[in-house]
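Quick notes on the structure that follows.
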Amino acid sequence: MTATASVSAVIPCFRCVRTLERAVASVAGQTVLPQELILVDDGSGDETRVLMTQLQNRYQSGWIRLVLLDTNAGAASARNAGWDQARGEYVAFLDADDAWHPRKIELQVKFMDSHSGVAISGHGHRQVESIPGTTADIDGVNFEDVSPLYVLLKNPFVTPSFMVRRSLENRFPSGRRFMEDHFFLMQVSAAGLRIAKAHTPLAYIFKSIFGESGLSADLVRMQSAELENYSLMQQAGYLSVVFALVLKGYSWLKFCRRMVIVKGRLFIRGRSKY
């Protein structure tokens, strides 16, 4: 019998019929199973809810719970809706088009249980075309604290690696569709709460984290949202005017680098056709 942990896994989903089954299977395949899986339909309006119901009936009764939102409000609001319904001590987030390493829950819960002062932990990821056939290649993980400065300079880990304490008062900024996860981490860190990261890749993503498809493909709006994050942190009194300007300058440098990478990617793909 598979051991379980006091974890609520939350998958927000918007028109995710093509990928949801794979994401759910990666949760169900954990060596330590989360006590529940909450699927949040973010007002998809297609066959998503039909598939969710089918998956709910496929697995053990009561393990999958559905949260159905009438209006599409974005992943941040959908994650919050799932978080509000969670019963586990921890909440772990997975995007519908990503997947987890089989030992993700086991290893991350072990760390969180033994470090009560850590509010959020995350880990590394691998970009893959399909889930590797051999995944028993991890003996353990080493988590290290992430400094507030590092959180300001760079989003330290992808959302499918987040594990938070359910009791945490902070939430994702409702209604935000770009860089909302980074702003959430900024607020938590600025509040003096500990954030930890392991570099071990315990999540699988199937596209580049920026510039390829979905919301992450809109680099201009991502950049605008990051600049807004710094302005909001300044308005809240966490950043001085000068430091906020420095961070925005650094953000523009990162934006230019991303644009060069994306243009180079497109050029290489274009050349490969000939």
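Of note:
- Put simply, of PHE255, PHE210 the only residue that is at pLDDT below 95, under 30 Å from ALA25 (Cα atoms) and either in a strand (DSSP E or B) or out of contact with any strand residue (DSSP E or B) (no Cβ under 9 Å at 6 or more places or on another chain) (or both) is PHE210.
- Set VAL17, VAL40: member being in contact with an Asp or Glu (Cβ under 9 Å, 6 or more places away or on another chain) and outside any helix (DSSP H, G or I): VAL17
Listed here are the residues, each with its yes/no results for (1) among the small types (Gly, Ala, Ser); (2) modelled with pLDDT of 95 or more.
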{"residue": "PRO12", "(1), (2)": "no, yes"}
{"residue": "THR31", "(1), (2)": "no, yes"}
{"residue": "PRO34", "(1), (2)": "no, yes"}
{"residue": "LEU37", "(1), (2)": "no, yes"}
{"residue": "VAL40", "(1), (2)": "no, yes"}
{"residue": "GLY45", "(1), (2)": "yes, no"}
{"residue": "THR48", "(1), (2)": "no, yes"}
{"residue": "TRP63", "(1), (2)": "no, yes"}
{"residue": "ALA76", "(1), (2)": "yes, yes"}
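- Taken together, the residues in region 30-60 that are among the hydrophobic types (A, V, I, L, M, F, W, C) and more than 16 Å from the chain's Cα centre (by Cα) amount to 6.
- Filter result for SER6 (surrounded by fewer than 20 Cβ atoms within 10 Å (Cβ to Cβ), among the hydroxyl-bearing types (Ser, Thr, Tyr), over 20 Å from ILE131 (Cα atoms) and touching a Lys or Arg at 6+ places or on another chain (Cβ under 9 Å)): yes
- For the criterion of being in contact with a strand residue (DSSP E or B) (Cβ under 7 Å, 6 or more places away or on another chain), among the small types (Gly, Ala, Ser) and not in a loop (DSSP other than H, G, I, E, B), ALA76 fails.
- VAL27, sole failed condition from (1) over 30 Å from ASP139 (Cβ atoms); (2) under 15 Å from the mean Cα position of the chain (by Cα): (1)
- A Cβ distance below 8 Å, combined with a sequence gap of six or more or placement on separate chains, defines the contacts here; from region 148-166, residues that are without any contact (Cβ under 8 Å) to a residue 24 or more places away in the chain reach no residue that is crowded, with 17+ Cβ neighbours inside 10 Å and β-branched (Val, Ile, Thr).
- Wholly enclosed strands (runs of 3 or more DSSP E) of region 80-180 bearing at least 3 residues surrounded by 18 or more Cβ atoms within 10 Å (Cβ to Cβ) and either in contact with a Lys or Arg (Cβ under 8 Å, 6 or more places away or on another chain) or aliphatic (A, V, I, L, M) (or both): 90-93, 118-127
- Output for region 224-265, where each listed residue is basic (Lys, Arg) and open to solvent by less than 70 Å² (accessible area, probe 1.4 Å): LYS248, LYS254, ARG258, ARG265
- Taken together, the residues in region 12-69 that are touching a Leu at 6+ places or on another chain (Cβ under 9 Å) and on the phi > 0 side of the Ramachandran plot amount to 1.
- Residue, farthest from GLN108 (Cα to Cα), within region 43-68, restricted to residues that are in a helix (DSSP H, G or I) and open to solvent by 30 Å² or more (accessible area, probe 1.4 Å): VAL50
The values are calculated or read from the model by the stated rules, or taken from the named source; none is laboratory data. Predicted model only: the values in this text are computed from it and were never measured. Note that each Cβ is placed from the backbone with ideal geometry, even for glycine, and that neighbours are counted across all protein chains shown. These area figures cover heavy atoms from the full protein model, side chains too; ligands, DNA and RNA do not enter into them. Shrake-Rupley method; radii C 1.70, N 1.55, O 1.52, S 1.80 Å.
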